[in-house]
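Q: Here it is, the structure in full.
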Amino acid sequence: MQYFIDVILPLPLPKPYTYWVEEDEFYFLQAGHRVVVPFGKNKLHTAVVLKKHKIAPQTYTPKTVELILDETPIITEKQLAFWEWMSSYYLCTLGDVLRAALPNAFLLSSETEFQKNTAAEVDLQLLSDDAFLVYEALEQRSLSLDEIQAILGRKKVHPIVQEMLERGWIVTYQKLAEKYKPKRLRFVRLAAPYKTDKALAELFDSLSRAPQQSAVLLHYCQQSANFEWLATQKLQIKGKSSSPSIKALIEKGVFEEEYFQEDRALFDPTATVPKNTLSGVQKKALEATQTAFQSHEVVLFHGVTASGKTEVYFELIDAHLEKGEQVLFLLPEISLTAQMILRLQRRFGDKVTVFHSKYSIHERVEVWKSIINKSEKAQIILGARSAIFLPFQNLGLVIVDEEHEASYKQFDPAPRYLARDVAIVLARLHSAKTLLGSATPSIESQYNVEKNKYGYVPLKDRFGGVQLPFISCIDLKEAYKKKLMNGVFSHALIEAIKTALEEKKQVILFQNRRGYAPILECHSCGHIPQCSNCDVTLTYHQYNQQLRCHYCGYNVAKPLQCNACGTNALVLKGTGTQQIEEQVENLFPEANVGRMDFDSTRGKRSFDKIIGDFTAGRLNILIGTQMVTKGLDFENVALVGVINADPLLYFPEFRAHERGYQMLSQVAGRSGRSKEQGRVLIQTFSPEHEVLQQVIDSNYEALYAKQLIERKKFQYPPFYRLIKITLKARDYHKVDQAAQWLGNVLHANLAVEILGPVDPPVARIRNLFLKQILIKFSIKDDRVMIKRNLKMALKSFESIGTYRAVRVNVDVDPA
């Protein structure tokens with residue numbers, strides 16, 4: 001009898017692969033175990049067991065499992081079922097899902113390393129100079145290819161390595177690289193001979209000539225009454241001591257030293273506060289939500305900005321914690337987690353765990369382990385979209401806050417999922433409930449309410465009876481015509497900012513474009529610097545005097561003269577957040593100004609610092625891109641200014657009006673959230689635009705009604721489903737031919753509307769030319785059959801050798 005397992009490899013392979021195992025391994029292994037398996041030539045990978053069986057594959061001889069990594073499975077069976085659904089729905093491989101789901105530290109990879117062949121007799125006279133250097137280094141230890149390149153100071157080392165291998169001077173082996181390392185902290189405690197009062201007094205006397213060591217010892221005694229283990233960090237920070245003093249005391253035998261493992265994601269021991277009392281309308285909303293959950297798995301919670309949705313969330317979380325269930329709380333942006341962590345920890349103490357992509361691989365592993373081990377601190381999991389992949393054991397509730405946000409969409413790499421939709425499927429697998437919260441729901445979610453697929457709970461009043469902000473438009477045509485502008489600021493907006501600052505209030509300024517200026521143009525010949533790798537203009541960043549591409553990162557120093565005609569007539573056009581920051585500092589030199597965009601928040605704690613400074617009042621004016629629109633809660637903001645709303649409204653995309661309304665309504669909602677009514681000023685060249693009027697009137701219903709009419713007429717969601725196919729290649733003619741071939745096959749095999757192939761708005765990115773095909777089909781059509789036929793067409797495409805260099809990306813439900 002032979003025994004086999006099917007495994008998922010972290011590679012884009014069309015199916016799982018089968019491996020042979022021993023009988024005892026067969027009965028030990030379960031679905032979700034990690035194993036190390038050989039795949040390809042001399043390469044080892046971490047794979048995940050999908051299932052076990054006794055049927056040998058017919059087309060290849062299975063290899064043997066090299067190593068079993070886990071005592072117990074680290075992936076649950078529900079997770080595997082979830083991965084299979086994602087692979088099927090989003091038309092990607094199980095390997096793609098595995099890559100996205102598991103922290104990198106769980107995926108041990110092998111590296112080819114070289115070591116000296118001790119069995120071979122080597123005549124050193126035969127070695128070239130480079131070969132001698134390598135061989136000499138191998139006397140000390142084994143080397144990777146990267147290390148050999150560093151030793152020789154060049155990249156092309158393969159000929160030398162190949163010759164040494166062929167002559168038998170060196171051999172290769174595969175080294176498994178373990179990526180996760182537990183965090184270990186150094187602790188000290190007083191050695192046993194000094195724990196009596198007399199011995200301790202004598203010890204202090206002996207240290208009279210070493211005041212720094214004496215101070216460290218005194219501080220230790222104050223910190224540790226029973227002479228227990230104390231982290232050296234505490235001695236260094238609070239005792240203002242130095243490492244040499246601690247080291248000296250260890251060497252003298254005064255302190256004993258030990259290293260202990262510690263979680264990286266620790267609870268901030270802020271004192272928990274009693275829960276807030278819900279208002280009358282909040283209580284009604286809570287009761288309505290609980291009632292809606294009795295008849296619907298998914299409920300849309302439509303509460304205006306500052307209505308107190310979060311407190312209702314907390315009451316629902318409380319109810320599920322009492323039943324011993326886990327709660328997943330999803331946020332669209334990492335920037336929102338700082339405020340929410342604080343609120344959740346104050347309410348629920350150390351039951352909160354945080355997970356997102358800015359965490360290190362070590363922190364992510366520790367969160368994963370705490371959840372699968374049902375740790376006390378892993379009852380509420382707060383995270384961005386990647387948190388849906390965690391190994392939940394007893395999930396009872398999923399909350400998707402700001403459910404309308406496009407940030408929930410994963411674009412690259414595959415799987416290109418929408419976390420809101422995936423969270424609903426995840427909850428269904430666990431028999432859990434899903435709550436979608438938003439002040440401006442997506443059209444699709446509101447449509448599902450209309451069709452009774454989702455329950456619906458409105459919350460139309462702000463907490464504490466605070467009025468919605470007063471919103472008005474400033475006509476930029478008139479302001480420019482009457483010379484009532486100072487840079488990009490109208491006089492009306494400047495006066496409003498001045499008034500807010502005089503009243504000791506804070507201001508948020510919104511401009512959805514980062515950088516200093518998007519265009520540098522020559523007034524003499526009209527030349528505009530372009531990216532050498534992408535079909536886009538270079539954006540000017542003033543802080544480092546660079547022109548930078550926002551697609552590939554290519555950058556050059558700002559030219560002093562035109563590269564085309566040589567004149568000095570270079571002018572900047574357009575406005576980014578950096579330029580607005582400069583103008584604000586000139587207009588209001590006494591104000592403390594902060595900026596929150598992609599460039600200013602690259603660091604792990606950058607979000608927290610900016611938000612913390614603004615919350616604490618250390619910043620008077622905050623300038624930002626769409627990051628400032630997403631659910632942040634600032635009590636002292638009296639004014640929100642939108643520098644130019646028009647790019648949001650005239651973007652060439654079918655969701656432009658919906659997204660424009662959502663973004664403007666959300667940023668407006670940051671104003672006047674505590675007591676007094678806030679104010680919002682929107683600068684625009686189109687003050688009569690219907691979306692702006694809907695924002696002013698907070699008339700979501702009008703927007704929804706108009707969007708439904710247009711989307712039904714032009715065949716877009718929620719009435720139709722979309723699949724976007726993007727083809728990429730370095731050769732334009734090859735990608736063009738490939739796209740035409742695939743388009744013809746799809747036209748022949750799919751009885752639905754096929755648009756394209758066409759060039760996208762940016763037709764070249766990172767020196768890859770792009771073509772796109774859009775498939776549109778009704779929600780009444782057989783989705784499974786359409787996807788099956790599409791997969792067959794893509795398989796036929798992959799079998800054509802001419803198009804092997806063409807990459808194909810499939811995006812189901814593109815955002």
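The values are calculated or read from the model by the stated rules, or taken from the named source; none is laboratory data. Just so it is clear, the model here is predicted, and its values are computed rather than measured. Here the Cβ positions follow ideal geometry from the backbone for every residue, glycine too, while neighbour counts run over all protein chains shown. Only protein heavy atoms, including side chains, enter the accessible area calculation; ligands, DNA and RNA are left aside. Shrake-Rupley method; radii C 1.70, N 1.55, O 1.52, S 1.80 Å.
Q: Could you look through the range 566-600, keep only residues that are under 29 Å from the mean Cα position of the chain (by Cα) and part of a helix (DSSP H, G or I), and pick out the one that is farthest from Glu521 (Cα to Cα)?
A: Looking at the filtered set, the residue picked out is Glu581.
Q: Further question on the same structure: Somewhere in the range 789-807, is a residue free of Cβ contacts under 8 Å to residues at least 40 places away in the same chain, on the phi < 0 side of the Ramachandran plot and aromatic (Phe, Trp, Tyr)?
A: No.
Q: For Asp813, work out the one condition from (1) on the phi > 0 side of the Ramachandran plot; (2) in contact with a Cys (Cβ under 7 Å, 6 or more places away or on another chain) it doesn't fulfil.
A: All conditions pass for Asp813, except number (2).
Q: For the range 1-53, name all the residues that are among the hydroxyl-bearing types (Ser, Thr, Tyr) and open to solvent by less than 20 Å² (accessible area, probe 1.4 Å).
A: Listed by number, the residues that qualify are Thr18, Tyr19, Thr46.
Q: If you go through the range 411-428 one residue at a time, do you hit one that is surrounded by fewer than 22 Cβ atoms within 10 Å (Cβ to Cβ), in contact with a Lys or Arg (Cβ under 7 Å, 6 or more places away or on another chain) and within 21 Å of Ser87 (Cα to Cα)?
A: Checking the range 411-428: at least one residue is surrounded by fewer than 22 Cβ atoms within 10 Å (Cβ to Cβ), in contact with a Lys or Arg (Cβ under 7 Å, 6 or more places away or on another chain) and within 21 Å of Ser87 (Cα to Cα).
Q: Right, Ala56: touching a residue at least 24 places away in the same chain (Cβ under 8 Å) and either more than 30 Å from Ile775 (Cβ to Cβ) or within 23 Å of the chain's Cα centre (by Cα) (or both) or not?
A: yes
Q: A further question follows. Would you please name the residue that is most open to solvent (accessible area, probe 1.4 Å), looking only at residues in the range 232-260 that are hydrophobic (A, V, I, L, M, F, W, C) and at pLDDT 80 or above?
A: Ile250
Q: Name the residues in the range 778-807 that are within 22 Å of Lys409 (Cβ to Cβ) and in contact with a Phe, Trp or Tyr (Cβ under 7 Å, 6 or more places away or on another chain), would you?
A: Result: Ile779, Ile786.
Q: Hey, does the range 392-409 have a residue that's among the basic types (Lys, Arg) and crowded, with 22+ Cβ neighbours inside 10 Å?
A: For the range 392-409, residues among the basic types (Lys, Arg) and crowded, with 22+ Cβ neighbours inside 10 Å: absent.
Q: I need the full set of residues from the range 611-637 which are over 23 Å from Ala439 (Cβ atoms), surrounded by fewer than 24 Cβ atoms within 10 Å (Cβ to Cβ) and either of a type in the set (D, E, K, R) or touching a helix residue (DSSP H, G or I) at 6+ places or on another chain (Cβ under 9 Å) (or both), in order please.
A: Correct list: Gly612, Asp613, Arg618, Leu619, Asn620.
Q: Next up: I need a count of the residues in the range 556-571 that are open to solvent by 60 Å² or more (accessible area, probe 1.4 Å) and without any contact (Cβ under 8 Å) to a residue 24 or more places away in the chain.
A: Matching residues across the range 556-571 total 4.
Q: Shifting gears a bit: Quick one: how many residues across the range 589-610 are open to solvent by less than 30 Å² (accessible area, probe 1.4 Å) and touching a residue at least 24 places away in the same chain (Cβ under 8 Å)?
A: Residues in the range 589-610 being open to solvent by less than 30 Å² (accessible area, probe 1.4 Å) and touching a residue at least 24 places away in the same chain (Cβ under 8 Å): 8 in total.
Q: While we're on this one: When the residues of the range 467-526 are narrowed to those that are in a helix (DSSP H, G or I) and of a type in the set (Val, Ile, Thr), which ends up farthest from Ser674 (Cα to Cα)?
A: Looking at residues that are in a helix (DSSP H, G or I) and of a type in the set (Val, Ile, Thr), I get Ile494.
Q: Separate question: Of everything in the range 292-331, what is open to solvent by 10 Å² or more (accessible area, probe 1.4 Å) and farther than 18 Å from Val457 by Cβ? Give them in sequence order.
A: Leu321, Glu322, Lys323, Gly324, Glu325, Gln326
Q: Can you give me the number of residues within the range 537-594 that are of a type in the set (D, E, K, R) and touching a Lys or Arg at 6+ places or on another chain (Cβ under 9 Å)?
A: So the count comes out to 1.
Q: Any idea which of (1) in contact with a His (Cβ under 7 Å, 6 or more places away or on another chain); (2) of a type in the set (Lys, Arg); (3) under 29 Å from Ala793 (Cα atoms) is the one Lys15 doesn't satisfy?
A: Every listed condition holds for Lys15 apart from (1).
Q: What pairs come out if I take residues in the range 5-25 that are within 11 Å of Leu98 (Cα to Cα) and pair them with residues that are aliphatic (A, V, I, L, M) and assigned to a helix (DSSP H, G or I) whose C-beta lies under 7 Å away, six or more apart or interchain?
A: Ile8/Leu94; Ile8/Leu98; Pro10/Leu98
Q: Considering (1) farther than 23 Å from Thr629 by Cβ; (2) of a type outside the set (A, V, I, L, M); (3) not in a strand (DSSP E or B), say which one Glu444 fails and leave the rest.
A: (1)
Q: Moving on to the next point. For the range 279-291, which positions are in contact with a Phe, Trp or Tyr (Cβ under 7 Å, 6 or more places away or on another chain) and either surrounded by fewer than 20 Cβ atoms within 10 Å (Cβ to Cβ) or more than 20 Å from Glu402 (Cα to Cα) (or both)?
A: If the condition is that a residue be in contact with a Phe, Trp or Tyr (Cβ under 7 Å, 6 or more places away or on another chain) and either surrounded by fewer than 20 Cβ atoms within 10 Å (Cβ to Cβ) or more than 20 Å from Glu402 (Cα to Cα) (or both), then Ser279 is the only one that fits.
Q: If you go through the range 454-468 one residue at a time, how many are without any contact (Cβ under 8 Å) to a residue 24 or more places away in the chain and among the basic types (Lys, Arg)?
A: 0
Q: Can you tell which of Ile471, Ile508, Ile494, Ile519 is among the aliphatic types (A, V, I, L, M), closer than 30 Å to Gly574 by Cα, buried (at least 23 other Cβ atoms within 10 Å of the Cβ) and in contact (Cβ under 8 Å) with a residue 24 or more places away in the chain?
A: Selected residue: Ile508, the only one of Ile471, Ile508, Ile494, Ile519 that is among the aliphatic types (A, V, I, L, M), closer than 30 Å to Gly574 by Cα, buried (at least 23 other Cβ atoms within 10 Å of the Cβ) and in contact (Cβ under 8 Å) with a residue 24 or more places away in the chain.
Q: With the requirement that a residue be assigned to a strand (DSSP E or B) and either without any contact (Cβ under 8 Å) to a residue 60 or more places away in the chain or not basic (Lys, Arg) (or both), what does the range 26-35 give you?
A: Passing the criteria: only Val35.
Q: In the range 627-636, which residues are within 15 Å of Ile610 (Cα to Cα) and either among the acidic types (Asp, Glu) or outside any loop (DSSP other than H, G, I, E, B) (or both)?
A: Result: Met627, Val628, Thr629, Asp633.
Q: Among the helices (runs of 4 or more DSSP H) lying completely within the range 56-145, list those that include at least 3 residues that are surrounded by fewer than 17 Cβ atoms within 10 Å (Cβ to Cβ) and out of contact with any Asp or Glu (no Cβ under 6 Å at 6 or more places or on another chain).
A: Counting at least 3 such residues, we get 77-89, 129-138.
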